[in-house]
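The values are calculated or read from the model by the stated rules, or taken from the named source; none is laboratory data. These numbers were taken from a predicted model, which means no experiment stands behind them. Ideal geometry is used to build each Cβ from the backbone, glycine not excepted, and the neighbour counts take in all protein chains shown.
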C-alpha cells in the first residue's frame, strides 16, 4: 500500500449499525484529510484460535463483510490471518511489522 491511510482495527464479525457508524466516520474523516480509509481485520476470529471450545456465530462471512465495506465506500480492506503466533506479537512489533511495514 503506497498511499497514506487512516486505519481502524477490529474483528468486525458482524458489520452492524454500530460498526457502520464508526466506519462511516472513518471514511468521511479520511476523505476530508486526503487519506485512504482502511480496515484491518482478522480471520479466523481471534476467539476461534484462542478459545477453541467457544462456539462463535459469525454474523457476516469475509466476503459479505467485503461487500458491505465496499458499499460504504471503504478504500482498503486488509484481512490478516489470525494465528497463535500472531497473537503473541508485542504492541511494538504489531505497529512496526503490521501497521508501518
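Taking the listed residues 70, 55, the one that is part of a loop (DSSP other than H, G, I, E, B), at negative phi and surrounded by fewer than 15 Cβ atoms within 10 Å (Cβ to Cβ) is 55, with no other qualifying. Applying the criterion of being part of a loop (DSSP other than H, G, I, E, B) and out of contact with any helix residue (DSSP H, G or I) (no Cβ under 6 Å at 6 or more places or on another chain) to the residues of the range 75-101, the residue that is surrounded by the most Cβ atoms within 10 Å (Cβ to Cβ) is 75. Does the range 5-12 contain at least one residue that is within 15 Å of the chain's Cα centre (by Cα), modelled with pLDDT of 95 or more and surrounded by fewer than 15 Cβ atoms within 10 Å (Cβ to Cβ)? No, that holds for no residue.
Selection within the range 13-34: residues that are at pLDDT 95 or above and crowded, with 17+ Cβ neighbours inside 10 Å. The member of this set that is nearest to residue 74 (Cα to Cα) is 27.
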